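Notes for the one structure printed next.
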Amino acid sequence: SRLQFAFTISFHIIFPAFTIGLAAWLTVLEAMHMYTGKNVYGVLFEFWLKIFGVAFGMGVVSGVVMAFQFGTNWSVLSRMSGPIQGPLLSYETFTAFALEAGFFGILIFGRPRVSQWFYLFATAMVALGTAISAFWIMVNNSWMQVPVGYALRDGQFVPDDWSKIIFNRVVWTRFPHMLLASYLTGSFCVAATGAWYLLRHFRRSEALVMLRMGLALAAALLPAQLYVGHLVGGYVHDLQPAKFAAIEGRWHDQQPASEVLIAIPNSETGSNRYEVAIPVLGSIIGSLSLTSKEVGITSFPPQDRPPVAITFFAFRIMVGCGIIMLAVSWLGLTLSIRHALEQRRRVLWCIFLSFPLPWIAILTGWYTAEVGRQPWTVYGLLRTADALTPFLTASVALISLILFVGIYVFIFSFGTYYIYRLLRAGPGELGRRQVQSAAPNRPMSFADGASTMFLRRDTGE
């Protein structure tokens, strides 16, 4: 059941991470088009809106599946934490989903029917809706990580203070961390697309805009993301010491503590192989002290220890991706400011090939958080083994997992291939004429829409 949920949530998070950042990018493009009147921003908006629509749909479909698993595989968790988790997920529906769904319709169908200012407002509301959706999900997950504001009554966790649940200090570090990660995903995908086009000598004007804006946003956000990530590590250090010890690969208490850069943890012997460590740095990172004592994994009972190897390596992959992205974005932005980036094909290749890094960082970050929380589903209160649906057999869970994998590969490969086709085709001339007809000085009329419809028919597009 853990593997099944890990598969479905890993697959699902790819799409929200992309669409949250892309919705913000669309808002910037529409605002720039209105402010400057430059056609290139409108062309890029229409182009990325198609990609956003496909990715948004796949995200919604893959997200629905996870909700069913709370009942089929984790019914004890649903029964015990339902009074808290149920309302939180409902708040997401009543706020985020309603906002996204209503204004997304205007984005797709409303260009000829509303003023440009209202169209920009609708775009911003979709972007806001995606952010609110992430907020409620992070509130829900953060309560499972650090449960607060609850009381145990009749075998259930019931809300005792909603303000403590919603304004939990853990939420206000983890939510910005996830939001910044999503914006970085969008910025790197946009920059990588621009680099790809320049390497193909294709759509140079649009490619340069995507490349420069994507790199500038990434270069500005990455230092903030590293700082917020340090704050997240602070709550883990204080409130989840077993997870922190697993992240650090520290088996025994140390004072002062060294920082393990790389090693191969061995849970059987309680030690690291091929360890490379820096003395004292562990105490500085953990407690901002040169002499602090830092706890080791062996200080906790064996039944309360998380899987060390997965937690240890996932965290380092996440940090490594962040460092590479920082170097690529700063190098690319520096060359772009000097107007030398277009001639540096090796750097363009690096930017293009870096587009998977934000997704890898997000996935490994989630693995660090969720695997490091084990063996608890609700930290310190409900063990994962006790949260399962009674009498659910391994064979039944395995069969459903195989079905999920097969159906996901079959269905979503088509959507992914369609996104690739859109990206490869690029902004078309039809998009140019359609956007030009909706210039900033005049809303697009019904006649403009009709002429576009006939143009599509006559050109076979």
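The values are calculated or read from the model by the stated rules, or taken from the named source; none is laboratory data. These numbers come from a predicted model, not from an experiment. Because the Cβ atoms are built from the backbone with ideal geometry, glycine has one as well, and the counts that use them run over all protein chains shown.
Being part of a helix (DSSP H, G or I), free of Cβ contacts under 8 Å to residues at least 40 places away in the same chain, buried (at least 17 other Cβ atoms within 10 Å of the Cβ) and of a type outside the set (D, E), is that true of even one residue in the range 2-10? Within the range 2-10, none of the residues are part of a helix (DSSP H, G or I), free of Cβ contacts under 8 Å to residues at least 40 places away in the same chain, buried (at least 17 other Cβ atoms within 10 Å of the Cβ) and of a type outside the set (D, E). Residues that are touching a residue at least 40 places away in the same chain (Cβ under 8 Å), surrounded by fewer than 22 Cβ atoms within 10 Å (Cβ to Cβ) and closer than 24 Å to F18 by Cβ within the range 337-352 comprise W349, F352, listed in sequence order. So for the range 61-68 (the condition being more than 27 Å from Y418 (Cα to Cα), part of a helix (DSSP H, G or I) and not basic (K, R)), does at least one residue qualify? Scanning the range 61-68, I find at least one residue that is more than 27 Å from Y418 (Cα to Cα), part of a helix (DSSP H, G or I) and not basic (K, R), so the answer is yes.
Yes/no matrix, rows are residues, columns are (1) touching a helix residue (DSSP H, G or I) at 6+ places or on another chain (Cβ under 9 Å); (2) more than 26 Å from W136 (Cβ to Cβ); (3) not hydroxyl-bearing (S, T, Y):
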site	(1), (2), (3)
Q156	yes, no, yes
D161	no, no, yes
F175	yes, no, yes
L179	yes, no, yes
L184	yes, no, yes
V190	yes, yes, yes
R204	yes, yes, yes
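A single entry from A246, A192, A218 fulfils the requirement of being small (G, A, S), buried (at least 20 other Cβ atoms within 10 Å of the Cβ) and within 18 Å of Y367 (Cα to Cα): A246. Only one of the numbered conditions (1) assigned to a helix (DSSP H, G or I); (2) in contact (Cβ under 8 Å) with a residue 60 or more places away in the chain; (3) crowded, with 18+ Cβ neighbours inside 10 Å is not met by M318, and that is (2). Going residue by residue through the range 361-371, is there one that turns out to be among the hydroxyl-bearing types (S, T, Y), farther than 30 Å from Q303 by Cβ and out of contact with any Leu (no Cβ under 8 Å at 6 or more places or on another chain)? Scanning the range 361-371, I find no residue that is among the hydroxyl-bearing types (S, T, Y), farther than 30 Å from Q303 by Cβ and out of contact with any Leu (no Cβ under 8 Å at 6 or more places or on another chain), so the answer is no. Checked against (1) at pLDDT 90 or above; (2) surrounded by fewer than 20 Cβ atoms within 10 Å (Cβ to Cβ), K38 passes all but condition (1). What number of residues within the range 273-299 satisfy the criterion of being part of a loop (DSSP other than H, G, I, E, B) and either more than 31 Å from the chain's Cα centre (by Cα) or surrounded by 12 or more Cβ atoms within 10 Å (Cβ to Cβ) (or both)? Total meeting the criteria: 9.
Which of the following residues is at pLDDT below 90 and more than 25 Å from Y235 (Cα to Cα): G129, G63? Spell out how you get there, then give the answer.
Details: G129 fails: at pLDDT below 90.
Every option except G63 fails the conditions.
Only residues that are in contact with an Asp or Glu (Cβ under 7 Å, 6 or more places away or on another chain) and surrounded by 14 or more Cβ atoms within 10 Å (Cβ to Cβ) were counted across the range 120-156, and they come to 10. In the range 30-44, the qualifying residues are those that are aliphatic (A, V, I, L, M) and farther than 18 Å from F118 by Cβ, and the one that is nearest to the chain's Cα centre (by Cα) is L44. For the range 71-100, the set of residues classified as surrounded by 14 or more Cβ atoms within 10 Å (Cβ to Cβ) and among the small types (G, A, S) consists of S75, S78, S81, G82, A96, listed by residue number. With respect to the stated conditions, V171 is hydrophobic (A, V, I, L, M, F, W, C), without any contact (Cβ under 8 Å) to a residue 40 or more places away in the chain and buried (at least 20 other Cβ atoms within 10 Å of the Cβ). If you go through the range 273-315 and pick out every residue that is touching a His at 6+ places or on another chain (Cβ under 6 Å) and in contact (Cβ under 8 Å) with a residue 60 or more places away in the chain, you end up with 0. Just to be sure before I move on: is L261 touching a helix residue (DSSP H, G or I) at 6+ places or on another chain (Cβ under 9 Å) and either of a type in the set (D, E, K, R) or buried (at least 18 other Cβ atoms within 10 Å of the Cβ) (or both) in the structure I sent? Here the answer is no, as L261 does not meet what is asked.
Here's the yes/no breakdown for (1) in contact with a Pro (Cβ under 9 Å, 6 or more places away or on another chain); (2) assigned to a helix (DSSP H, G or I); (3) closer than 20 Å to F135 by Cα; (4) free of Cβ contacts under 8 Å to residues at least 40 places away in the same chain:
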| position | (1), (2), (3), (4) |
| --- | --- |
| V54 | no, yes, no, no |
| S81 | yes, yes, yes, no |
| Y91 | no, yes, yes, no |
| A96 | no, yes, yes, no |
| G102 | no, yes, yes, yes |
| G105 | no, yes, no, yes |
| V114 | yes, no, no, no |
| L120 | no, yes, no, no |
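For the range 289-331, which positions are touching a helix residue (DSSP H, G or I) at 6+ places or on another chain (Cβ under 7 Å), of a type in the set (F, W, Y) and more than 30 Å from E342 (Cβ to Cβ)? Matches in the range 289-331: F300, F312, F315.
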